[in-house]
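The values are calculated or read from the model by the stated rules, or taken from the named source; none is laboratory data. Just so we're clear, the structure is a prediction, and the values are computed from it rather than from any experiment. Cβ placement follows ideal geometry from the backbone for every residue including glycine, while neighbour counts extend to all protein chains displayed. SASA here: full protein model, heavy atoms, side chains in, ligands and nucleic acids out. Shrake-Rupley method; radii C 1.70, N 1.55, O 1.52, S 1.80 Å.
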Amino acid sequence: MASISFSASVSSSTQFIRPSAFFLKPRSLSRLPLVRAKIREIFMPALSSTMTEGKIVSWIKSEGDVLSKGESVVVVESDKADMDVETFYDGILAAIVVNEGETAPVGAPIGLLAETEAEIAEAKAKAAAQSSPAPAPPVEQSAPVAAKIESPAAPAVAAAPPTPGKLVATPFAKKLAKQHKVDISKLVGTGPFGRVTPEDVEKAAGITAAPKPNLVAAAAPSAAAAAPVVSPPKAEKSFPEIPGSNVVPFTAMQSAVSKNMLESLSVPTFRVGYPIATDALDALYEKVKPKGVTMTVLLAKAVAMALVQHPVVNATCKDGKSFTYNGSINIAVAVAINDGLITPVLQDADKLDLYLLSKKWKELVEKARAKQLQPQEYNSGTFTLSNLGMFGVDRFDAILPPGQGAIMAVGASKPTVIADKDGFFSVKNKMLVNVTADHRIIYGADLAAFLQTFSKIIENPESLTM
């Protein structure tokens, strides 16, 4: 299982410089000033660029266990893989804040690390205070609602004021402060231990969620304005309930797939289908199959060779205003795994020979099914290939993944009756490939030319083994 290391903030009454919430290279800590504090918070690490929250799969260590630098402490499930998280601090796991099976946002504390046994009781008390939800203020009131929502924040700050000169803020709060040009050093945090939260930054920037209560609490003349707020629940209730149904929440991976599918709706796409004779490819496959080469690898290699001649199909539109011509040809291939879908990436597929590419693909599939892929092994694709031919599917359309210009859907090769130019009939194996492309950067002529090149490579596949 893949592993990473985490760092943690430190809770103390003495002033110190707080290390950043997550490091991939623990050795960088050797340059930090000496930390005098005794209790450190273990944060939920960001395991990928798309990860916003993580799920605790299991705690490898238990409360009270003595930890040494480099030991695996907890297994975290991100939106793509499970990873061992290692500590690069010595100490005692004093308290577990987020239990197995629970989720937490990136940057949120999931455990507390004590330096000695003397601090364990204090750490447990802080963990208990942190996990206890604050009493919710009454909501069903009229005009004073907005004022009462803000009032509970004051005691929280007074209970654990931040040390003067020390900035304790979540990573997302710092990002918001930078975006909205808010001086985060002047804010008083309302989070655990006086931490500045995203809500604190939004309030300082004048961005609040107060309008929603005001709409509901408004007098009779504003009743019409409150109607849009109530409409979404009505839409949800319109679905009939089937007796005996069971609601199963998405896993982290399924949530990521759902998010990507919704993002794809914002991209204008078009689709082109192309029939290709596969007799020569089928014959080559029979020769190389004993050497461990799969049909998927043959297709990925052919796609990479065609993309070399048509770089625009390997391009990306990231801002809606420009082309990004990718310097590498990285073929992402869709793989179904338990309760999800992931796309391991064959990096520089045009530069690797068929047998090395096949070996690399086998390693990626094994890691994908064990949920051990590193982020660069699944998020660096420039073109995606989806092959359902092995299931007998003759044709299908694929949804364009965010951040790519095109995706190819490959169907099964089947005997087809073909008439030549002289009117004579013959039977040849043919497969249908459908390509979905981003119409902002790839036009019909571009895709047709790419498919013609791809077809020539498939129908004369000798170059695939060179």
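The table for this structure:
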{"item": "Helices (runs of 4 or more DSSP H) contained entirely in the range 160-220, each with at least 3 residues that are at pLDDT 65 or above", "result": "171-180, 198-204"}
{"item": "GLY340 within 21 Å of MET51 (Cα to Cα) and surrounded by fewer than 23 Cβ atoms within 10 Å (Cβ to Cβ)", "result": "yes"}
{"item": "Number of the condition not met by ILE276 [criteria: (1) more than 32 Å from the chain's Cα centre (by Cα); (2) over 21 Å from ASP394 (Cβ atoms); (3) of a type outside the set (Phe, Trp, Tyr)]", "result": "(2)"}
{"item": "Residue match in the range 268-283 (condition: open to solvent by less than 50 Å² (accessible area, probe 1.4 Å), over 19 Å from PHE450 (Cα atoms) and assigned by the TED database to the domain that holds LEU451)", "result": "yes"}
{"item": "Flag for ASN246 being open to solvent by 30 Å² or more (accessible area, probe 1.4 Å) and over 26 Å from the mean Cα position of the chain (by Cα)", "result": "yes"}
{"item": "Index of the failed condition, LEU373 passing every other in (1) crowded, with 19+ Cβ neighbours inside 10 Å; (2) modelled with pLDDT under 95; (3) in a strand (DSSP E or B)", "result": "(3)"}
{"item": "Single condition LEU298 does not satisfy, out of (1) touching a strand residue (DSSP E or B) at 6+ places or on another chain (Cβ under 8 Å); (2) buried (at least 19 other Cβ atoms within 10 Å of the Cβ); (3) farther than 16 Å from TYR378 by Cβ", "result": "(1)"}
{"item": "Close pairs from the range 408-430: first farther than 15 Å from GLY392 by Cα and in the same structural domain as THR296 (by the TED database), partner loosely packed, with under 13 Cβ neighbours inside 10 Å and aromatic (Phe, Trp, Tyr), Cβ under 8 Å, at least 6 apart", "result": "VAL417/PHE425; ILE418/PHE425; ALA419/PHE425"}
